[in-house]
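Following: one structure in structure tokens, then a few remarks.
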Amino acid sequence: FAGWLAAKRARCSFYPYFHNTYLENRTGASRLFAQWLQPRVFRDARHVFVMSEGMVELYRRNYPNLTCCSTLLHTFCELPPPFSPPPAPGPTLRFAFCGAINESCLDAASRVFAAIRSIPNAGVQFCTRLPPTYLQRIGVWSETSSHCTPPRRQLLEILSGADILLLPHGFTGRLAKVEYDTIFPTKTIEYLISGRPILAHTPPGVFLTRFLKEHDCALVVEEPSEAALRAAIDQLRNDGALRARLVANALKTARMFQASTVAAHLRGVLERGVSENGVSEFRRAEFRSEKLNED
């Protein structure tokens with residue numbers, strides 16, 4: 001609201017970014033306000049940026065007149081590692097999980113970690129700001145779990161030392177259905193450049209499932225079943241060709257998240273925002289800054 005109002009007062013172009021759905025995931029009084037604000041934001045925006053292609057599909061379906069909408073992806077700045085077939089797991093099967101466990105993935109995560117607890121000689125490395133006490137309370141911690149909150153560079157090293165990376169995505173929960181349909185967990189990017197195979201537990205038809213299957217960059221379990229998860233884990237453990245194919249495809253898929261690629265898209269959209277007198281948005285911003293300094 002503040003950004004929309006400031007753009008109107010300053011008479012400059014407005015470029016909102018939606019990391020998650022807004023109106024579609026609100027209730028009560030906040031939904032009433034969102035019903036008033038979101039159509040105005042879409043009406044007045046020169047271009048709307050969103051987190052995922054799933055959100056583009058949603059907004060274009062619900063707002064047919066919203067023609068200027070595109071993804072502004074999360075990025076990584078590192079050089080992707082060269083492809084190397086991941087090694088076969090040793091006697092202890094090492095899993096890694098990073099990020100948060102909340103309503104966006106809690107039910108799926110509960111099944112994933114329950115399946116792992118039934119596997120002999122398996123351990124999970126949690127890389128998260130969530131404390132172990134919270135992980136115990138929600139039932140995903142076990143005696144073979146370990147915990148750390150590493151800086152990003154160390155995080156990538158830890159992920160690269162695992163045998164299997166875990167990517168649960170909610171089937172059900174307290175969020176609106178459109179959230180589950182459109183969410184793209186940002187941890188996916190670190191997973192893609194880790195050089196290790198991804199095990200995804202995601203519901204059929206949602207954007208994340210379609211993305212992973214389209215790019216063949218993770219082994220996807222769409223059935224809400226611990227038995228299906230155990231079978232998938234055995235498959236990853238024993239099939240070297242599968243592990244190599246998924247990792248090779250993940251590294252290829254990661255290119256779309258490279259910072260230079262995403263920045264080029266952002267610059268391209270802003271450079272197309274040309275005013276009636278042919279002055280680019282960048283130069284208009286410079287004019288406004290110079291005027292403020294003079295004042």
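The conditions of being in contact with a strand residue (DSSP E or B) (Cβ under 8 Å, 6 or more places away or on another chain), free of Cβ contacts under 8 Å to residues at least 24 places away in the same chain and farther than 30 Å from P91 by Cβ are not met by K177. Among the residues of the range 228-248, the ones that are free of Cβ contacts under 8 Å to residues at least 60 places away in the same chain and assigned to a helix (DSSP H, G or I) come to 10 in all. For the range 26-40, taking the residues that are hydrophobic (A, V, I, L, M, F, W, C) and open to solvent by 60 Å² or more (accessible area, probe 1.4 Å), the one that is nearest to R174 (Cα to Cα) is identified as A29.
Screening the candidates V140, V124, V112 for the property of being open to solvent by less than 60 Å² (accessible area, probe 1.4 Å), of a type in the set (V, I, T) and more than 25 Å from V247 (Cα to Cα) yields one hit, V140. A single entry from E214, E179, E223 fulfils the requirement of being of a type in the set (D, E), surrounded by fewer than 22 Cβ atoms within 10 Å (Cβ to Cβ) and closer than 26 Å to A122 by Cβ: E223.
The numbered conditions (1) modelled with pLDDT of 95 or more; (2) open to solvent by 30 Å² or more (accessible area, probe 1.4 Å); (3) not aromatic (F, W, Y) are all true for L79 except (1). The set of residues from the range 83-101 being aliphatic (A, V, I, L, M) and over 24 Å from the mean Cα position of the chain (by Cα) comprises A88, L93. Scanning the range 91-103 for residues that are in contact (Cβ under 8 Å) with a residue 40 or more places away in the chain, open to solvent by 30 Å² or more (accessible area, probe 1.4 Å) and out of contact with any Lys or Arg (no Cβ under 9 Å at 6 or more places or on another chain) yields a single hit, R94.
For the range 186-211, a residue qualifies if it is open to solvent by 20 Å² or more (accessible area, probe 1.4 Å), of a type outside the set (V, I, T) and closer than 25 Å to R152 by Cα, and the qualifying residues are K187, E190, R196. Close contacts from the range 6-30, counting a first residue that is closer than 20 Å to N62 by Cβ and a second that is assigned to a loop (DSSP other than H, G, I, E, B) and among the hydroxyl-bearing types (S, T, Y), with Cβ to Cβ under 6 Å and a gap of 6+ residues or different chains, come to none at all.
Looking across the range 252-263, the residues that are open to solvent by 20 Å² or more (accessible area, probe 1.4 Å) and either part of a helix (DSSP H, G or I) or out of contact with any strand residue (DSSP E or B) (no Cβ under 8 Å at 6 or more places or on another chain) (or both) come down to K252, R255, M256, A259, S260, T261, A263.
The values are calculated or read from the model by the stated rules, or taken from the named source; none is laboratory data. It should be emphasised that the depicted structure is a prediction, and the values quoted were computed from it without experimental measurement. Reconstructed Cβ throughout: ideal geometry from the backbone, glycine too, with neighbour counts over all protein chains shown. Accessible surface is based on the protein model in full, side chains and every heavy atom, while ligands, DNA and RNA are left aside. Shrake-Rupley method; radii C 1.70, N 1.55, O 1.52, S 1.80 Å.
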